[in-house]
Amino acid sequence: MILEDSTRRLLGWFEVNRRDLPWRREPRDPYHVWISEVMLQQTQVRTVIGYFNRWIGRFPDIPTLAAASLDTVLKAWEGLGYYSRARNLHRAAGIVVGEHGGRLPRRAVELQKLPGIGPYTAAAIASLAFGEDVIAVDGNIRRVVSRLFAIKNELTRKDAECLLDPFYAPGEAGRVNEALMELGALCCTPGTPPCGKCPLRPVCEAYLQGNPGDFPVTKKKKSPPHVSRRGVLLLKENSLYLTRRPEGGMLGGLWGIPLVEGEVPGVPPVEAVLEDVSHAYTHFRITVTPCVVSDGGARSYAVEGGQFIPLEEIPQLALSVLDHKILERLKDYREGRKRRGRDSLDRNSGRE
């Protein structure tokens, strides 16, 4: 009865406090649920809303996504990071069209067979879009469970599912999953949570012990390593040399400025060294020193796997945030040269 009352309080809290998010609109569209769940991996809701709306406008259904080129998909994803998510969405859409008639499988076990859909995402889609009674455990729910039961070690997904099972009545998994996600996002937040607003406060062991901020227990993270590279800005007339990164690697499928260790190799010599650009990824930080190299076209260059792209066409390509930062440095440098050239002409003109 205590757990039934807790679930009822949780669902009542959710009905009052739930956010009006575009992928929650009724009737639920399984495609919308899928896209939102993938976008929300490692990305905050306020960032995802704009990307989601633009994505649905560009790819309104699975067949449209499957028919699009990977370049188009990556460009639509540009700025969200973790680009394997976009590549997997594109691949999975092709499989859904080819093997499932353009409709997502309804069961979590079948959804997990698609690229980029793991246990949590499969359970979220199956429960929210199709009503399957499966428990979805994301980071927010894991934090809620850790506090509810005052778990003093790292909580596995399987352990969380076992502890949560009594809270779920048949046919309620989707609502309970979403309510727990919302509770973790709005109330049972990291650090010191506002426990006075929590509907599960009466049964929360961490609250009763007076130390909710001590949970969840996590391993201390190591400082991410830092690497330094030189960015090769190889110019030929009004074109810039870019490489396309292998699809299986980091930032796969995106275009970018060649990065090299140590000094910029080959000839001709470096024309200018620009201000450093820094960027933080999940597992490391990088500082790039952009080096402008002009090539009159008579020489070959040491970096392979790319091509010269007209500067006016570069905005149409999908590039990483780091590459955009480097290109801003190049833009400032070129505009500075133009201004200096005009100033020089003006001074010379004044002497005549």
Shape of the range 1-81 from its Cα gyration tensor (a ≥ b ≥ c, root eigenvalues): rounded if a/c is under 1.5, otherwise prolate when a/b > b/c, or oblate? prolate
Students often forget the sequence filter, so: which aspartates and glutamates lie under 16 Å Cα-Cα from residue 219 once same-chain residues fewer than 8 apart are removed? 154
Potential lengthening between residue 54 and residue 209 on full extension [0.36 nm per residue; Cα-Cα distance subtracted]: 51.2 nm
So for the chain, Kirkwood radius off the Cα pairs, Stokes-Einstein at 10 °C and 1.306 mPa s: how many µm² s⁻¹? 67
Using the Cα centre of the chain as origin and beta-carbon charges of +1 (Lys, Arg) and -1 (Asp, Glu), tell me which of 255, 52, 171 is placed farthest towards the positive end of the dipole. 255
Quick one: if the Förster radius is 22 Å, what FRET efficiency do residue 153 and residue 16 give, using the C-beta to C-beta distance and rounding to 0.05? 0.05
Share antiparallel - DSSP beta bridges, the chain, percent rounded to 5: 60
Part-to-part distance (alpha-carbon centres) for the range 14-82 and the range 108-169, which is given in Å: 21
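Past 28 Å, Cα to Cα: identify those pairs from 75/220; 197/221; 113/221; 75/113; 158/221; 113/222, in the order given. Numbers along the way, then the final one.
On the way: 75/220 36 Å; 197/221 30 Å; 113/221 32 Å; 75/113 26 Å; 158/221 23 Å; 113/222 33 Å.
Flagged as over cut-off: 75/220; 197/221; 113/221; 113/222.
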Angle between the Cα long axis of helix 321-351 and the longest principal axis of the chain, 0 to 90 degrees, nearest 10? 30
Residue-averaged [θ]222 nm for the chain, counting only DSSP H segments that reach four residues, each worth -39500 (n - 2.57): -13500 deg cm²/dmol
Lys/Arg +1, Asp/Glu -1 at C-beta; the chain dipole; positive extreme among 226, 208, 153: 226
Report relative contact order for the chain in percent, whole number only (criteria: Cα-Cα under 8 Å, sequence separation at least 6). 15
Just order 256-262, 120-126 by mean Cβ neighbour count inside 10 Å, highest at the front, would you? 120-126, 256-262
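Each reported figure results from applying straightforward, stated rules to the coordinates on display, with no laboratory input. Note that the structure is a prediction, hence the values are computed from the model and not measured. Please note: Cβ atoms are built from the backbone with ideal geometry, for glycine as well, and neighbour counts cover all protein chains shown.
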